[in-house]
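Trainee: Can you keep this structure in mind? I'll have questions shortly.
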Amino acid sequence: MDELLQLKNGLHRLTVELIGNCKYCSLISSNVEFKTPIYCTKFTGAIHPTCVDVHTCLACQEYKNGKTP
């Protein structure tokens, strides 16, 4: 069971590194068991972010553009 948790934690770190600079990503949950850990503002605006899963975020590909200063 510890190996599974280590794998999930490693995947979480990679996810944060990859999509953490997306201008629409307002938060990434630290709970590795959460099914929709990414709070995205692309479709609903900054007042009410939508929780999305990693697949949805990666499919959008906005993370490639990064945040504007």
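Trainee: Within region 28-40, can you find the residues that are without any contact (Cβ under 8 Å) to a residue 24 or more places away in the chain and surrounded by fewer than 13 Cβ atoms within 10 Å (Cβ to Cβ)?
Mentor: Correct list: Ser30, Asn31, Lys35.
Trainee: Of all residues in region 33-56, which are in contact with a strand residue (DSSP E or B) (Cβ under 9 Å, 6 or more places away or on another chain) and closer than 27 Å to Leu4 by Cβ?
Mentor: Phe34, Lys35, Thr36, Pro37, Ile38, Tyr39, Cys40, Cys51, Val52, Asp53, Val54, Thr56
Trainee: How many residues are over 21 Å from Lys8 (Cα atoms), touching a residue at least 12 places away in the same chain (Cβ under 8 Å) and surrounded by 13 or more Cβ atoms within 10 Å (Cβ to Cβ) when one looks only at region 41-62?
Mentor: Number of matching residues: 5.
Where a number appears in this text, it was derived from the coordinates with a stated rule and is not lab data. These figures come from a predicted structure and were not determined experimentally. No Cβ is skipped: glycine too gets one built from the backbone with ideal geometry, and neighbour counts run over all protein chains shown.
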